[in-house]
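Read through the structure below, which is laid out as structure tokens, and then see the notes.
The values are calculated or read from the model by the stated rules, or taken from the named source; none is laboratory data. Predicted model only: the values in this text are computed from it and were never measured. Neighbour counts are summed over all protein chains in view; Cβ atoms, including those assigned to glycine, are modelled from backbone coordinates with ideal geometry.
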């Protein structure tokens, strides 16, 4: 198992990724943050497939959307928080 944490330049801002590989496939907790520490994406991989709840955040840290995947990586529900009016 390899654990990676690195920074790359994309969309004009530096990002920090926290991810790990098992047998050359993403496996386990995945997280991406902007240089300022604000989380942009978090979720779980199993054998290279997105599973469970994934959350996506705006640059200000507020949640933009939430997607739920089954064990085969198929989307079972998706909520776009940006479109919800309270």
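Here are the numbers:
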read-out	value
Condition check for residue 7: over 11 Å from the mean Cα position of the chain (by Cα), assigned to a strand (DSSP E or B) and modelled with pLDDT of 95 or more	no
Every pair of residues 6+ apart whose Cβ atoms lie under 8 Å, when the first sits in segment 61-74 and is at positive phi and loosely packed, with under 15 Cβ neighbours inside 10 Å while the second is assigned to a strand (DSSP E or B) and modelled with pLDDT of 95 or more	73/49; 73/50; 73/51
Options 35, 55, 78; residue that is under 20 Å from residue 19 (Cβ atoms) and either touching a residue at least 40 places away in the same chain (Cβ under 8 Å) or more than 10 Å from the chain's Cα centre (by Cα) (or both)	35
